[in-house]
Amino acid sequence: MRTPRPALAALAGITFGTTFGTTLGATALRAQTYPRGDDPRDTLTAGLHDAGVALKGMRLVAAAPKPAPFDSVRGLTFVNSDLAFAGRYVYQGNFAGFTVWDVADPARPAPAAVVQCITSQGDPSVYGHLLFISAEGGGNRKDCAKGGVHDPADHMTGVRIYDVRDPRAPRLVTNVETCKGSHTHTLIPSPTDTGVVYLYVSGSQGARPSSELAGCRNGADPADPTNSLYRLDIIKVPLARPQDAAVVTGARLFTGLGPAPARAGRARPARALPGADSAMLARMAANGPRNCHDVTAYPAFGLLAGACLSHGLLVDIHDPERPVRLDAASDTNFSLWHTAVFSNDGGKVVFTDEWGGGIAPNCQKTSMLEMGGNTTLTIARGRKLTQHAYFKIPTALSPTANCVSHNGSLVPVPGRDVMVQGWYQGGVDVIDFTDPDHPFEIAYFDRGPVDPPPAPGAAPDSAGAAGAARGTFRNTIGGSWGAYWYNGLVYSSEMARGLDILELVPGDQLSANEIAAAKLVRFAEFNPQSQPHLVWPAAFPVVRSYLDQLVRAQGLAPARTAAIARRLDAAEQQTGAARRTALLALARQADADAAGAKDAPRVRTMAGAMRDLARATR
C-alpha cells in the first residue's frame, strides 16, 4: 500500500493586500518528490475498452459505453464533457450533444435519450424541468442541424434551454445568445425569488461582431460598460417562462487585475513554458484576465470561486446581479486557473490548474509537479485568500495519456474535507484536504491510456515545435472529464469511453462508517459547479465517523475510544428512552474526555452528534 505523498510546504514570501489582490511567489516552494515508479498506475496496458485497470479504495460498479451517435474518438468532436444530476437521471454533455442516462440501477446505466446538437463542449446543469447546455464555437447552429454555419444569423453561441419534464424526450425551448459564447456556466438560484435562477456564463471567445449579435463589442478597457470582452455574462431565467430568459447584466470582476504573474519576477512571455501557456494566456500576460473558465458558486455562503485563467477570484454573490470581487490570487506556478471546490464550511477552497488545456500529457515523470495539479487556499476573516499547498496525483503516466487536474466535488464525509476529482487519463482520485498544508490521496481508479506508448525512436508529434520540445505525441483524448459524488456513488464522465460509476470501499484512510455516513447525504438535484451545503442526519454512522477519525489520528486515548465504541454498540441495541439516556450519558463523558484529548474539537463535535442522535431517537 502506497504511503500518501506529502504535499509541498506552505508558501512563504507571499505578498498580500495589494490593489490587485494576492500575488503568490514561487521562489520559496520546496520541491516535491517525484513518484517512485512502483505505483500500479504507472504500467497499465493501453486500449479503448480493454485497457488495464488499477484501483485503490474504490470498485467499479459499471462502465457504460458511449451511445452509438457519439461512439467515435475523432478528435474532440464527440468527446464527453460534464455531468449534472436529477433524481434517477444523469445528464452528460458531449461536444456533439448530450446523453440522458437512467441510473436507477447503477450497475446497469441505460441511455434514456440521446440528443444530437453540436455544442463544442456542452456543459450541462439542471433545475426542475429545465436543462441548460453551454454552447460555443463556430459550427453551432440555432437549429442544431449539422453542416456548419453558412449564415451568421444561424450561428448560436450561448446557452440552450431544454424542457426535460420527460427526460426521455428533451425539447429545445430557446437559445440564449451571449457575446462570447458559453464555454461553461454555473447555476445560481435567486436568494429572494424562488421563481428565478441565474446562469453565470463563462465564454472563452472574443466578442462576436455586432452585425452577428447586436450590442457586442471588443474593447481594451475592462471598466468600460459597453465592452463585452472583460465581463462574465449573467442570464436571468424566469422558471415559469424560460423562453423569456435573457442576459441581464455583465459582471465586471476583472477591473484592476494585472497581467499574469511571472516566474522569477519576470514578465511572462507568450509560451514561456512549453505546453503550459495557451494563446489566451499569452494575451493575458499583456492585458490581465478577461474571462473565467469556471466559476463555482456556494449559494449557502453567498460566495463564488472564480477560476479566471491567470487569477483565482473570491466573489460575493449575495446579490447575483451585482457580484462583488472580494479578493484575487495569482501564482507564478499556475498556468490556467480552471475550476474550484469549497470545503463544506466555506473556510477553504481548492483551485485546479489546467496546465496544457487538458489535451497534454502533463503527468509524466518529467512534468513539473507544482503545475497541473491543485492548490489549497484558506479564506480568512475579511474574506481574503491565503495559499497553502499543492497536490498532484502521485503517479507517472505515459506520454500518450492526457492528464491534468480537472473537475470534482466534495465527498460528504463528516469531520473531514474530502473531494473526488477527474484527472483526464490520470483517472479518478479521492483527496483529503482537511489540513490545507498537507492534502493527500485516499483512493483512486485509473485505466491505461487509450493509445499505447510510442515506439522507441518514434518522432514527437507534428503539432509543432512546442509538442516536439516536450516530447509529446498526437494521441486520442480521453479520461475523466469530471468525477462527482452523487447519492452514495461516484460518477465519472469518460471523454472517450462513456460513463463510469464507482463506489468507495473501506481502507486505511477511509472507514466503513465514514462511507456509510457519506451515503446518508442525498440530493434531489446536483450541479457540481453550484455547490450545495452538506448536512448530515442524526445517525450512528455519523457519530462513529468522528470516533474512527479519533482512532486513526490518535486524537483521544485508545482506552477511551475503545470504551466509547462499546457504549455506542450498547446504545444502538436499545430503543426509545433507554437509548436517549445512554447517548446523553455518553455525550457528557465525551465532553469530559475533550479536556485531555489531543483533538479536543473533534471530541466535542462527536459529543454534539451523540446529542443530536439522542434528540432524534423516538
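The values are calculated or read from the model by the stated rules, or taken from the named source; none is laboratory data. As the structure is a prediction and not an experimental result, all values here were calculated from the model. Cβ: placed from backbone, ideal geometry, glycine included. Neighbour counts: every protein chain shown. Side chains included, ligands, DNA and RNA excluded: accessible areas come from the protein's heavy atoms. Shrake-Rupley method; radii C 1.70, N 1.55, O 1.52, S 1.80 Å.
Quick look at the values:
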item: Arg217 in contact with a Ser or Thr (Cβ under 9 Å, 6 or more places away or on another chain) and of a type in the set (D, E, K, R); result: yes
item: Number of the exception - Phe523 against (1) in contact with a Gly (Cβ under 7 Å, 6 or more places away or on another chain); (2) open to solvent by 40 Å² or more (accessible area, probe 1.4 Å); result: (1)
item: Subset of segment 328-340 that is open to solvent by less than 10 Å² (accessible area, probe 1.4 Å) and not polar (S, T, N, Q) - its residue that is nearest to Asp432 (Cα to Cα); result: Ala340
item: Residue match in segment 527-541 (condition: more than 30 Å from Asp82 (Cα to Cα), open to solvent by 20 Å² or more (accessible area, probe 1.4 Å) and not small (Gly, Ala, Ser)); result: yes
item: Hey, Gly356 surrounded by 24 or more Cβ atoms within 10 Å (Cβ to Cβ), touching a residue at least 60 places away in the same chain (Cβ under 8 Å) and over 15 Å from the mean Cα position of the chain (by Cα) or not; result: yes
item: From the options Ala571, Ala582, Ala562, Ala518, residue that is surrounded by fewer than 16 Cβ atoms within 10 Å (Cβ to Cβ), of a type outside the set (S, T, N, Q) and assigned to a helix (DSSP H, G or I); result: Ala562
item: Segment 233-251 - residue that is closer than 17 Å to Arg208 by Cα and either free of Cβ contacts under 8 Å to residues at least 40 places away in the same chain or charged (D, E, K, R) (or both) and, of those, least open to solvent (accessible area, probe 1.4 Å); result: Asp233
item: Enumeration of residues in segment 298-325 that are assigned to a strand (DSSP E or B), farther than 24 Å from Gly373 by Cα and in contact (Cβ under 8 Å) with a residue 12 or more places away in the chain; result: Asp316, Arg325
item: Top-ranked residue of segment 166-182 - restricted to ones that are farther than 17 Å from Val115 by Cβ and more than 23 Å from the chain's Cα centre (by Cα), ranked as most open to solvent (accessible area, probe 1.4 Å); result: Glu177
item: Failed item in (1) outside any loop (DSSP other than H, G, I, E, B); (2) out of contact with any strand residue (DSSP E or B) (no Cβ under 7 Å at 6 or more places or on another chain), with Thr77 passing the rest; result: (1)
item: Residue that is farthest from Leu336 (Cα to Cα), among those in segment 372-384 that are crowded, with 24+ Cβ neighbours inside 10 Å and not β-branched (Val, Ile, Thr); result: Leu377
item: Failed item in (1) within 28 Å of Asp432 (Cβ to Cβ); (2) in contact (Cβ under 8 Å) with a residue 24 or more places away in the chain; (3) out of contact with any Lys or Arg (no Cβ under 6 Å at 6 or more places or on another chain), with Ala587 passing the rest; result: (3)
item: Looking only at segment 69-94, and only at residues there that are of a type in the set (Phe, Trp, Tyr), open to solvent by less than 30 Å² (accessible area, probe 1.4 Å) and under 22 Å from the mean Cα position of the chain (by Cα), the one that is farthest from Asp154 (Cα to Cα); result: Phe85
item: Where Tyr127 falls short, out of the listed (1) touching a strand residue (DSSP E or B) at 6+ places or on another chain (Cβ under 6 Å); (2) within 20 Å of Ser492 (Cβ to Cβ); result: (2)
item: Matching strands (runs of 3 or more DSSP E) fully within segment 382-435 where at least 1 residues are more than 18 Å from Val505 (Cβ to Cβ); result: 384-391, 408-411, 418-422
item: Residues that are open to solvent by 30 Å² or more (accessible area, probe 1.4 Å) and either part of a loop (DSSP other than H, G, I, E, B) or at pLDDT 95 or above (or both), drawn from segment 39-60; result: Leu44, Thr45, Ala46, Leu48, His49, Asp50, Val53, Leu55, Lys56, Arg59, Leu60
item: Residue in segment 148-165 that is nearest to His185 (Cα to Cα), counting only those that are open to solvent by 60 Å² or more (accessible area, probe 1.4 Å) and assigned to a loop (DSSP other than H, G, I, E, B); result: Arg165
item: Breaking point among (1) in contact with a Pro (Cβ under 8 Å, 6 or more places away or on another chain); (2) part of a loop (DSSP other than H, G, I, E, B); (3) closer than 30 Å to Arg171 by Cα; (4) among the aliphatic types (A, V, I, L, M), for Leu257; result: (3)
item: Residue among Pro111, Pro106 that is at pLDDT 95 or above and not in a strand (DSSP E or B); result: Pro106
item: Residue tally, condition within 17 Å of the chain's Cα centre (by Cα) and not basic (Lys, Arg), over segment 392-401; result: 1
item: Residue in segment 187-204 that is buried (at least 17 other Cβ atoms within 10 Å of the Cβ), modelled with pLDDT of 95 or more and in a loop (DSSP other than H, G, I, E, B) present; result: yes
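Results for (1) open to solvent by less than 10 Å² (accessible area, probe 1.4 Å); (2) farther than 30 Å from Leu550 by Cβ; (3) at pLDDT 95 or above; (4) within 19 Å of the chain's Cα centre (by Cα), shown as yes or no for each residue.
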site: Tyr390; (1), (2), (3), (4): yes, no, no, yes
site: Pro414; (1), (2), (3), (4): yes, no, yes, no
site: Gly426; (1), (2), (3), (4): yes, yes, yes, yes
site: Arg447; (1), (2), (3), (4): no, yes, yes, no
site: Ala455; (1), (2), (3), (4): no, yes, no, no
site: Ala465; (1), (2), (3), (4): no, yes, no, no
site: Arg474; (1), (2), (3), (4): no, yes, no, no
site: Ile501; (1), (2), (3), (4): yes, yes, yes, yes
